[in-house]
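Okay, structure first, notes after.
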Amino acid sequence: MTGVTRGAPRCLYGVTIDMVEPTQITDDELCAEALSADPEAAVAADAVSIWDVVDQGPQPLPQWYMPAPMGGSLWGWRRHFARFNVALIIASFLAINAYGLCNTYGQLHI
């Protein structure tokens, strides 16, 4: 953060947050904290969202779980070959259905 020194209070939406050095927490300590917490505790009216604190908007899925698709990775003859194969698969399913055969689970049945 620019202009903020460690240990100096930081104001975020009217709430002062003290910048402190991070400490290492073991899994056992974290589990003990989670088990000792009251699940029915009321949330304060001035509670700050975690998304406001970490400066990220709410995201439905993290970027590492489902990255953005890469478009335009096939060029030239490879692109035409891929389109031809997709069209061939679709045409084969249409032909199977036109002849009255069932190909629901990958096996042809009358």
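Overview of results
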read-out	value
Verdict on Leu12 being at pLDDT 70 or above and surrounded by 10 or more Cβ atoms within 10 Å (Cβ to Cβ)	no
Residues satisfying the stated conditions in region 19-59, i.e. outside any loop (DSSP other than H, G, I, E, B) and either surrounded by 10 or more Cβ atoms within 10 Å (Cβ to Cβ) or modelled with pLDDT under 75 (or both)	Glu29, Leu30, Cys31, Ala32, Glu33, Ile50, Trp51, Asp52, Val53
Residues of region 60-83 classified as at pLDDT 85 or above and surrounded by fewer than 10 Cβ atoms within 10 Å (Cβ to Cβ), total	2
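The values are calculated or read from the model by the stated rules, or taken from the named source; none is laboratory data. A quick note: this is a predicted structure, and the numbers were derived from the prediction, not measured. Because the Cβ atoms are built from the backbone with ideal geometry, glycine has one as well, and the counts that use them run over all protein chains shown.
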